[in-house]
Amino acid sequence: MADANERLLCISSYEKGQDFLRTCVESGVKTTLLTVEKLRDANWPREALEDLVTMPDNLNPEQIVNTVSWMARGRRFDRVVALDEFDLETAALIREHMRLPGMGVTTTAFYRDKLAMRMGAGAAGFRVPEFCRVLNYDELRDYMASVPAPWLLKPRTSASALGIRKIHEPEQLWRTLDELGDRQSHFVMERFVPGEIFHVDSIVSERKVVFSAVHQYGRPPMQVMHEGGVFTTRTVDRNGSDRKDLTSFNAALTPALGLQRGVTHAEYIKAHSDGQIYFLEIAARVGGAFISDLVEASTGVNLWREWARIEVADLRGEAYVLPPTTEEYAGSVLCLSHTAEPDTSAFNAPEIVHRMKKHHHAGLIVRSQKPERVRELLEDYSAQFAHMFLASMPPPERPTA
C-alpha cells in the first residue's frame, strides 16, 4: 500500500536514469536526486523530483555520507539507489551508515570489483579465465609461468573496457607495474581468451532472474575502446544454442553473487579454443552505450522503468510482476562522430526505430522479426558509419556517459 511519505534518494555522477525517476513519481514515491554540480542544468525530469541537490564532483565517500546525513535531518529516505556504476560503493556506504535495506559494501564488491566477482564466480563453480590478483610478486611469477600469454591487466573498478592493458611477456608486466606504483594493487591479471563476446541484461527479483535478453557484440568492446571503430551489438538467434546456454549460465550466476533485486548487465565470452562459455564481468546497473534502448526495441522491456518498479514493490512489501514482453530482433550501430550533430537522415530503412541524440555520436537502432535482416543492416551501416562519421580519440580514463 502506498504511503504519502515514501521517499527514494537517487545518486548519479552522470546524466542518466530519467525513466527511473519518472516511474518513481508515477508510482507515488517522492524522489530526491543527488548529483554533481556540473550536472545541475542537465536534462533531468524536474517534474518528477521532489528535490535536486548538487555537490562538488571531488567529494570523498565520507563527505558524501555526511552530506546525505545532513539532508536526512529534514527528510526521511526509505531507500538509496545508485543510478551509475561509479556511485555503487557510495550508495552502499550510505545504506550501511543509515541502516537501510539494499546491498552493503561486501555484496556490492561482487558487482563492482573485477577481482571480487571473479573470486565469487569461481568459488561458486562457474568458468572464469584464469586470473591473479596484483599483490604478491611470487604469485604473479607463478601465474605467468603456468598460464600462457597474452594476459589482460584490468582495473578492478573501472566500467566497460576502460584502462585495460594487454600484456605479452613478464618484463612488460614489471615495467607496467613500476609505472602504476601504488595503484597496481587496484588491478587484476587475467588470461586473454579469444572468442565471441555476449552481454546478458537481466531483471532480478528476490534472487531470481525473471527476465533476460541476450545480445552479441560485433567487435569486442575492448578493441573498439582502444583501437577505435564502430560499435555494434545485436539480438542472438532465439532458437540457437548460444541463447539457451547463456540464459542458463546467467540465471545461475547472477543471483549467486548476492543480488536480491535490481538489474544487471553481464558479459560472457564463448571461447574459440573449446567452445565453452566463460564469465567476464557483471554490474548491478543498466548497460551503457544505449543498450537499454536496444533491449526495449527487442523485448518491449524498459530496464530503467522496471528497476524503479522493483524498488517501489520492495518498499511496499509487494511482489514484482514482469510486464508482457515481445520477441523481436534488434541491433545497434554507434560511433564517435567528427561532427557535433551528425545527420543520419540518409539512413532510411523502415527497420530503424531509434536515432541516438548525443553530442559527437552517431547511432541507430534497427528492429526486425528476422535476425538475418538485423545482421545485414548492421554490416551495411557500420561500414557507412566508418566512412561518413567515424572519429577517433584516446580512450578516456572514465566513461563519458
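I'm trying to understand the selection: among the residues of the range 315-348, which are in contact with a helix residue (DSSP H, G or I) (Cβ under 6 Å, 6 or more places away or on another chain) and aliphatic (A, V, I, L, M)? Result: Ala330, Val333. So for the range 106-117 (the condition being β-branched (Val, Ile, Thr) and in a strand (DSSP E or B)), does at least one residue qualify? No, the conditions are met nowhere in the range 106-117. Of all residues in the range 197-210, those satisfying the criterion of being touching a strand residue (DSSP E or B) at 6+ places or on another chain (Cβ under 8 Å) and either within 25 Å of Gly317 (Cβ to Cβ) or surrounded by fewer than 16 Cβ atoms within 10 Å (Cβ to Cβ) (or both) are Ser202, Ile203, Val204, Val209, Val210. Counting only residues that are open to solvent by 20 Å² or more (accessible area, probe 1.4 Å), touching a Gly at 6+ places or on another chain (Cβ under 8 Å) and not polar (S, T, N, Q), the range 211-253 holds 3 of them. Tell me, please, whether a residue that is assigned to a helix (DSSP H, G or I), out of contact with any strand residue (DSSP E or B) (no Cβ under 7 Å at 6 or more places or on another chain), of a type outside the set (Gly, Ala, Ser) and closer than 24 Å to Ala82 by Cβ can be found in the range 238-247. No; the residues of the range 238-247 include none that is assigned to a helix (DSSP H, G or I), out of contact with any strand residue (DSSP E or B) (no Cβ under 7 Å at 6 or more places or on another chain), of a type outside the set (Gly, Ala, Ser) and closer than 24 Å to Ala82 by Cβ. From the list Ala330, Ala297, Ala283, the one residue that fits, being of a type outside the set (Val, Ile, Thr) and under 16 Å from the mean Cα position of the chain (by Cα), is Ala283.
Gln184 meets the conditions (1) buried (at least 17 other Cβ atoms within 10 Å of the Cβ); (2) farther than 20 Å from Phe279 by Cα in every case but one. The failed one is (1). A Cβ distance below 8 Å, combined with a sequence gap of six or more or placement on separate chains, defines the contacts here; from the range 99-126, residues that are farther than 13 Å from Leu259 by Cβ and β-branched (Val, Ile, Thr) reach residues that are open to solvent by less than 20 Å² (accessible area, probe 1.4 Å) and part of a helix (DSSP H, G or I) in the pairs Val105/Ala92.
Checking each residue in the range 1-52 for being out of contact with any Ser or Thr (no Cβ under 8 Å at 6 or more places or on another chain), β-branched (Val, Ile, Thr) and closer than 20 Å to Met71 by Cβ picks out Val29, Thr31, Thr32. For the range 133-164, taking the residues that are in contact with a helix residue (DSSP H, G or I) (Cβ under 6 Å, 6 or more places away or on another chain) and in a strand (DSSP E or B), the one that is surrounded by the most Cβ atoms within 10 Å (Cβ to Cβ) is identified as Lys154.
The values are calculated or read from the model by the stated rules, or taken from the named source; none is laboratory data. If you're wondering where the values come from, they're calculated on a predicted model, not measured in any experiment. No Cβ is skipped: glycine too gets one built from the backbone with ideal geometry, and neighbour counts run over all protein chains shown. To get the accessible areas, we keep the full protein, side chains included, count just its heavy atoms, and leave off ligands, DNA and RNA. Shrake-Rupley method; radii C 1.70, N 1.55, O 1.52, S 1.80 Å.
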